[in-house]
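The values are calculated or read from the model by the stated rules, or taken from the named source; none is laboratory data. None of the values given here were measured: they were computed from a predicted structure. In this analysis, Cβ positions are derived from the backbone assuming ideal geometry, glycine residues included, and neighbour counts consider all displayed protein chains. In case anyone asks, the SASA skips ligands and DNA or RNA and just uses the protein heavy atoms, side chains included. Shrake-Rupley method; radii C 1.70, N 1.55, O 1.52, S 1.80 Å.
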Amino acid sequence: MTGRRQRRGEALHHKGEDGAQRAKRYLDATTRTRSSWTNKDDVPASRLTFFWPHAGQNEFSFDLGGILYGGEFDHHNFVAEAKNYSSDSDQGEHFDKFLAQCYLVYRDFSQFINQFMFITWNPFRARGWQKLCSTDSILDGCVANGNRLFGTTDADEVRSKLEMGVIEELQERLWLVVLSDKQERLLIDDEERGFLVQRRIERGLM
């Protein structure tokens, strides 16, 4: 049984890494990133790593991050979580944790991190899909992870400690992106993107 669990864990780990790379390729192919990286890249990985203030000072990291290009998001720094799932599974719990992480990071590092993306290959919580990035959803995610944020599991106490101004601002900075295998086949290729980037460099835009 131990060997089976280990193999399953390794398979999930590799699938997670594959999801992060695919999410990175998708974002780069939109031509709206100046640069991007994953938590497996040696130097920039530290930019994706943070610490919960409670629950044993456990660290956490986002799967990828980078800098956006153009329009209203130009030079905005983003972090993203990629869930390469083929079913609903436990994505709801992961999303709650993601929201709590976003709250913590935006509260403490809003001058560095501006946008937060949750990228998945399978929708979840379908009945509440339209409200997943609402203030109520952020509140629920933080309450579910109150022990990590504030060292308490008491919902009322957690709510009393949360800063509503941070939550309201964070709501406008959340992205929920759904990808599919076929959709990824429509992306611009690296050579074509290279021509575009070169043109931007020539024009002094990069």
> Label THR153 and PHE195 with points 7 Å out from Cα along Cα→Cβ: what is the distance between them in nm?
Replying inline: 5.9
> Using only Cα atoms, what Kirkwood radius does the range 30-117 have, in angstroms?
Replying inline: 13.9
> Can you list, bin by bin at 10 Å, the percent of alpha carbon pairs in the range 83-140, starting at 0?
Replying inline: 21, 52, 24, 3
> In whole Å, what are the Cα extents of the chain along the three principal axes, biggest one first?
Replying inline: 56, 47, 37
> Put +1 on the Cβ of every Lys and Arg and -1 on every Asp and Glu Cβ in the range 150-206; which of MET164, ILE201, TRP175 then has its Cα farthest towards the positive end of the dipole?
Replying inline: ILE201
> Under 5 Å between amide H atoms, partner at least 5 residues away or on a different chain: which partners does MET117 have, H built in plane at 1.01 Å?
Replying inline: VAL79, ALA80, GLU81, TRP175
> For the chain, which span is the longest to avoid every loop-located (per DSSP) member of trypsin sites (Lys or Arg not before Pro) having at most 10 other Cβ atoms inside 10 Å?
Replying inline: 1-184
> Which value, in Å², gives the accessible area per residue of the range 47-206 when a 1.4 Å probe is used on the protein heavy atoms?
Replying inline: 54
> Which of ASP42, ASP140, ASP88 moves most in a GNM of the chain, Cα contacts under 10 Å?
Replying inline: ASP42
> Distance in nm between label sites at TRP129 and ARG107, each 7 Å beyond Cα in the beta-carbon direction?
Replying inline: 3.1
> Restricting the count to DSSP beta bridges whose residues both fall in the chain, what percent are antiparallel, rounded to a multiple of 5?
Replying inline: 50
